[in-house]
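Written below as structure tokens is the structure these notes are about.
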Amino acid sequence: SRERLSVCSKLCYAVGGAPYQITGCALGFFLQIYLLDVAQLDPFYASIILFVGRAWDAITDPMVGFFISKSSWTYFGRLMPWIIFSTPFAVISYILIWFVPDISRGQVMWYLVFYCIFQTLVTCFHVPYSALTMFISREQSERDSATAYRMTVEVLGTLLGTAIQGQIVGKADTPCIQSPLFLGMTNSSVALEELNMTHDTGSLTDTRNAYMIAAGVIGGLYILCALILWAGVQEKRESSELQSHEPVSFFQGLKLVMNHGAYIKLIAGFLFTSLGFMLLEGNFALFCTYTLGFRNEFQNILLAIMLSATLTIPFWQWFLTRFGKKTAVYVGISSAIPFLILVAVLDSNLVVTYIVAIAAGISVAAAFLLPWSMLPDVVDDFKLQHPSSPGHEAIFFSFYVFFTKFTSGVSLGISTLSLDFAGYQTRGCSQPSEVNFTLKMLVSAVPVALILLGLLLFKLYPIDEEKRRENKKALQDLR
């Protein structure tokens, strides 16, 4: 008999994915420009904060995965207590990231410490939440359906993060410093008088207050989503268990997981494609502000991308069901390439930029949905090969996030250092042509190369639709 999940349970489960995406989107799109132009840190120190914070975030994923694997089952489950108890502390540390302390020295340490604390706590939320996919049902189709709900809400979370942060911060007129040296040196075709306008009417204090207000609103949503997840989802111990169990240590399990070929090939392919999109995300606000000259429009362009992604998630869920997940990978992710090239090649034009943003959002939706939809297939394949080694779901999910975040930290650190070497001017109304060229490379050429490399590696992934059906039948017999 099939074990069906109610729509209410799927929705409550899906809502739990929003906090990670809302905060991650706000940090991904806005933290770099916040550190450079609002906190007024040197680009070198900003690159250290971004790199160390992401690298630490990556390290905490397998650490949390280890402690979860050692956790005992409670009345609320094994994963749910991690989610609930980490939430209030995560919200406090998140708000403090967006606070500018009134200290002459130590600002770098302030942001580095609270950024790392927040990343640790949000990992204590997200790793068990990701592994929860395997504990809500043992029906593959029900897990895929719940994952589609989750991806829709998560993309909606990125939309909310972009909208809340962008619209609140966008209403504050951040003052910039006129730099006559750079007049005539910009590659943008936007009128120089618009691009180089000195925004003396705004106050830097107003901008800092706007960031704090946005952080408070996002923190409130974080708590609300955690409560809905806790109230509406039941963690089922039997959903992930097979007939015969023998305990295996974490490190033995880690060795088994890392020797599983399908898992390594999956994360190798998605590692590079995800890295391309993360590099685009980290530098897009600066690209819109300086290279394209849309200082007062970039938050709306980001909103167009996320809105397009949200609306097309159901389409990609239908597409992968109809044509298979590997086909969806090739079609969905590769569709971003021509638009990434277009936005860098064409002269600055607001209408064209919005069209490209909407088209690119369609590919972003595929990049969001597919990795999390395919990881449960790899876990099922692993269980068939190692039926006596259960309980390693957290390792699969945490190490996928580990590799993605670590390389993302390296890329963001290198990209911010590249801007420093190119001569980035903190709070400048415009930037030298070298900075504009560097930004074009960081949001176009480099992401395109990474996406192409990821798609080539993904051809090695062995689990197609026929293999998935065979695994499903074998698991049913084994249970």
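Each value in this text was obtained by applying a stated rule to the coordinates, not by laboratory testing. The structure displayed is predicted, hence computed values, not measured ones. Ideal geometry is used to build each Cβ from the backbone, glycine not excepted, and the neighbour counts take in all protein chains shown.
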Please identify every one of the trypsin sites (Lys or Arg not before Pro) in segment 424-475 that sits in a loop by DSSP and has no more than 14 other beta carbons within 10 Å of its own beta carbon.
Lys459
The ratio Rg/Rh over the Cα atoms of segment 249-478, Rh being the Kirkwood inverse mean 1/r radius, stands at 1.04
Given backbone amide H placed at 1.01 Å from N, residues whose amide H is under 5 Å from that of Gly428, ignoring those fewer than 5 places away on the same chain, are Ile177
Could you work out the mean projected area of the convex hull around the alpha carbons of segment 247-334, in square nanometres to one decimal?
8.7 nm²
Segment 36-111: trypsin sites (Lys or Arg not before Pro) falling in loop per DSSP and having at most 14 other Cβ within 10 Å
Arg105
Computed about the Cα centre, the charge dipole of the chain from +1 Lys/Arg and -1 Asp/Glu charges at the Cβ has a magnitude in debye, to the nearest 20, of 1180 debye
To the nearest 0.05, what FRET efficiency results for Ala445 and Ile414 with a Förster distance of 22 Å applied to their C-beta separation?
0.95
Describe numerically, in nm with one decimal, the distance between label points set 7 Å from Cα along Cα→Cβ at Phe323 and at Leu224.
3.7 nm
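Round to the nearest 0.05 the FRET efficiency obtained for Asp42 and Ile92 when R0 = 30 Å and r is the Cβ-Cβ distance.
Values: r = 27 Å, r/R0 = 0.91.
Using R0 = 30 Å, I get an efficiency of 0.65.
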Using 0.36 nm times the number of residues separating Lys472 and Tyr75, minus their current alpha carbon distance, what extension gain do you get?
139.9 nm
Check each of the chymotrypsin sites (Phe, Trp or Tyr not before Pro) in segment 34-74 and keep only those in coil by DSSP with at most 13 other C-beta atoms within 10 angstrom; list them in order.
Trp73
Where Rh is the Kirkwood radius over the Cα pairs of segment 21-153, the temperature 25 °C and the viscosity 0.890 mPa s, what D in µm²/s does Stokes-Einstein return?
149 µm²/s
Magnitude of the Cβ-charge dipole (Lys and Arg +1, Asp and Glu -1) of segment 249-478 about the Cα centre, nearest 20 debye, reported as 280 debye
Could you bin all the Cα-Cα distances of the chain into 20 Å bins starting at 0 and give me the percent of pairs in each, rounded to whole numbers?
24, 57, 18, 1
How many nm is it between the label spots at Lys255 and Ser6, if each spot is 7 Å from the Cα in line with the beta carbon?
4.6 nm
Show that you can apply the helix-only estimate: for the chain, add -39,500 (n - 2.57) for every DSSP H stretch of four or more residues, divide by all residues, and state [θ] at 222 nm to the nearest 500.
-24500 deg cm²/dmol
Positive-end residue, the chain charge dipole about Cα centroid, Cβ charges, pick of Val345, Ala445, Tyr211
Ala445
Residue-ordered couplings for segment 287-297, obtained by feeding phi - 60° into the Karplus form 6.51 cos²θ - 1.76 cosθ + 1.60 and rounding to whole Hz (Gly and Pro as x), are 4, 5, 5, 9, 6, 7, x, 9, 4, 9, 10
Once amide H atoms are placed 1.01 Å from N in the peptide plane, what residues at a sequence separation of 5 or more from Gly77, or on another chain, have their amide H within under 5 Å of its amide H?
none
Mind checking which lysines have their C-alpha under 28 Å from Lys326, skipping anything on the same chain fewer than 8 residues away?
Lys10, Lys255, Lys265, Lys383, Lys405, Lys459, Lys467, Lys472, Lys473
Förster radius 35 Å - calculated FRET efficiency between Asp206 and Val345 (Cβ-Cβ, nearest 0.05)
0.45
Place a label point 7 angstrom from the Cα of Val52 along the Cα-to-Cβ direction, then list the residues of segment 93-119 whose backbone nitrogen is under 13 Å away.
106-117
Additional length obtainable on full extension of the chain from Phe85 to Lys459, 0.36 nm per residue less Cα span
130.5 nm
Have a look at Ser418, Ile355, Ala328 and report the one farthest towards the positive end of the charge dipole of segment 249-478, computed about the Cα centre with Cβ charges (Lys/Arg +1, Asp/Glu -1).
Ala328
With the contact rule set at Cα under 8 Å and sequence spacing of 6 or more, what percent relative contact order holds for the chain?
29 percent
